[in-house]
Each structure stands twice: as C-alpha cells, then as structure tokens.
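In what follows, a structure is listed as structure tokens, so that the remarks can point back to it.
The values are calculated or read from the model by the stated rules, or taken from the named source; none is laboratory data. Here the structure is a predicted model, which means the values were calculated and not measured. Cβ atoms come from the backbone with ideal geometry, glycine included; neighbour counts cover every protein chain shown. What goes into the accessible areas is simple: the full protein's heavy atoms, side chains included, and nothing from ligands, DNA or RNA. Shrake-Rupley method; radii C 1.70, N 1.55, O 1.52, S 1.80 Å.
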Amino acid sequence: MKILSAEFVTSAAGPGQFPVDPRPQIAFAGRSNVGKSSIINALLNRKSLVKTSSTPGKTQLINFFIINKQFYFVDLPGYGYAAAPRSVAEAWAPMIESYLKDSPEVRAVVVLLDSRREPDERDQRLVEWLQHYGIPAIYALTKADKLTRQEAERARQEIAAKLGIEGPLLLTSATKGTGISELRAEVSNKLKAK
C-alpha cells in the first residue's frame, strides 16, 4: 500500500456527524496512552498528520482522515485515562460502540495494545464488541522497542492468551519502525477483502 495523500476530513461526536461516504474505513482503537497517533502517522509516513500529545486522552472525538482519496483512517477516542473529566470518560464507550454498530463501511479495527501493560476490562470489552458486531480486527502491540526481544515475545503470548486472540498479534514500534510494514500489509489485505 503506497500512501500518496492523507488529509484530515472531520471530527465527529456521534453518528449524525460521521461522513456519509461509501468508501471503506479502517479504525484505530486503544487506550489513551497506547501511541495510537504515532502508529497512524508511521503507517502514513507522516510526522504529524494525526496530532500526538504529551497528555493522554487528548482525542475525545472520532477523527476521520481520507487516504489516497480511496479510504478512511478513523482515529477513535482513547479510553481509560483517569485525568479526563468523568463525563467525557463515560461518553467514550457509547461513542465507540455506536461507531462500530452504525458504520457498515468499517473493514477492520486496528486494536492497539501497549506491550508493557496488562490488558484490562476495557480492552476485553473492545475485543468482545468486535466479535459481537462481526468486525474483523488487526491486533498490534505498541512500544515494542521498550522491551527486549524475549520480553516482547512473552508479552505477545500473555496478552493473546488473556484476550483470547487467535491469529497474528504484531509487535510494533512507531519510533523504530518495527512491524509498520507488516501492519500496513494487514490493513491493505482488509481493504481488499470486500
């Protein structure tokens, strides 16, 4: 998959604001500090199309980016950051679920999990939602450069077992570029699947 163009389209707080467009979508989901923006930028060969922040939980809306004028990358709000206002934190789950439920254009969700953290009930809920709505998932562990090879492999096995993930669980690092081409290939395969 060659990236020729990538542009921000809109931010949405709910279904009424989602783009009405039949082009396919690949969504990205994960905890607030999982490195979602960095991974999306790495996939797009961009430095800062998706704004990264030193404050986890900054993405509080669903952000749509049109790629190559052919498909969308959708940055879902991160979940689980304690410093977000309670009302915002409580709105995240329904917002993400309504997006998954009401967006037939979604070809897959890239589920990003921090390789250094144990999955929690929100990670589990996301995996269950995807299974419930029959949405294909691509699973990737972020920040693999922070671990030794053995630690990363152990994390991969333990996280896959805890969340019941079958199939590949990619090790990635936006900083070092580890696993980015493999993740790009997975995304490309999902876009071709329908």
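The table that follows gives values for the structure above.
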read-out: Karplus (6.51, -1.76, 1.60) ³J(HN,Hα), θ = phi - 60°, over region 137-147, in Hz, Gly and Pro reported as x; value: 10, 10, 9, 9, 8, 9, 6, 5, 5, 7, 10
read-out: FRET efficiency for N68 and Q150, using Cβ-Cβ distance with R0 set to 45 Å, rounded to 0.05; value: 0.70
read-out: Under the Karplus curve 6.51 cos²θ - 1.76 cosθ + 1.60, θ = phi - 60°, whole-Hz ³J(HN,Hα) for region 60-68, x wherever Gly or Pro sits; value: 10, 10, 8, 9, 10, 10, 8, 10, 6
read-out: Spin-label model distance (nm) - N45 vs A161, 7 Å beyond Cα toward Cβ; value: 4.0
read-out: Region 139-180 - convex hull of alpha carbons, volume per residue in Å³; value: 59
read-out: Theoretical FRET efficiency, 1/(1+(r/R0)^6), r = Cβ-Cβ of D120 and N189, R0 30 Å, to 0.05; value: 0.55
read-out: Area accessible to solvent at R31, 1.4 Å probe radius, in Å²; value: 50
read-out: Fraction in percent of alpha-carbon pairs per bin - 5 Å, region 105-155; value: 5, 18, 27, 20, 16, 10, 4, 0
read-out: Globularity ratio of the chain, using Cα Rg and 2.2 N^0.38 Å; value: 0.95
read-out: Sequence-separation-based contact order of the chain, relative, with Cα cut under 8 Å and 6+ spacing, percent; value: 24
